[in-house]
């Protein structure tokens, strides 16, 4: 039985024979996944989840998630987040709660999203009306009634100067009830 002989001379191309071609994409690549997760109802070959194609929208999504994350909720990074929900159980004065919310948001944004420049933070305290059991917004300086603190609404205005994006805003509501 004779062995076949193979010649490897025709199995490839010479380095000098390579043709350089540019890959031209007509579609912008996605930047990140939109949260909360939603399935994409697109055609076959498209992304499985809905995606962000705009950097400012992705930064806004990341900022919202950062504000809603509390310490210990992120695996392998227990210090990630603004830890705002813990303030809902604080029985101190409203002024100290408001100043602590502003401090935590500023520190967290500077640490994890230094691309944004916070311009203004507005806080509304939500209390529960003891008579009607309805949620109501308390006025500045007026403490919540006997039912106590129910939640906070944080409204943050910010700019992204690197993207020439100004007057962006995000509103986050945190309540004890979930």
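The values are calculated or read from the model by the stated rules, or taken from the named source; none is laboratory data. This one's a predicted model, so the numbers in the text were calculated from it and none came from an experiment. Heads up, the Cβs are rebuilt from the backbone with ideal geometry, glycines too, and the neighbour counts pull from every protein chain shown.
Here are the numbers for this structure:
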read-out: Qualifying residue in segment 47-58 (condition: modelled with pLDDT of 90 or more, touching a strand residue (DSSP E or B) at 6+ places or on another chain (Cβ under 6 Å), under 17 Å from residue 170 (Cα atoms) and in a helix (DSSP H, G or I)); value: yes
read-out: Residue match in segment 29-37 (condition: outside any loop (DSSP other than H, G, I, E, B) and modelled with pLDDT of 90 or more); value: yes
read-out: Hey, residue 119 surrounded by 13 or more Cβ atoms within 10 Å (Cβ to Cβ) and either at pLDDT 85 or above or part of a loop (DSSP other than H, G, I, E, B) (or both) or not; value: yes
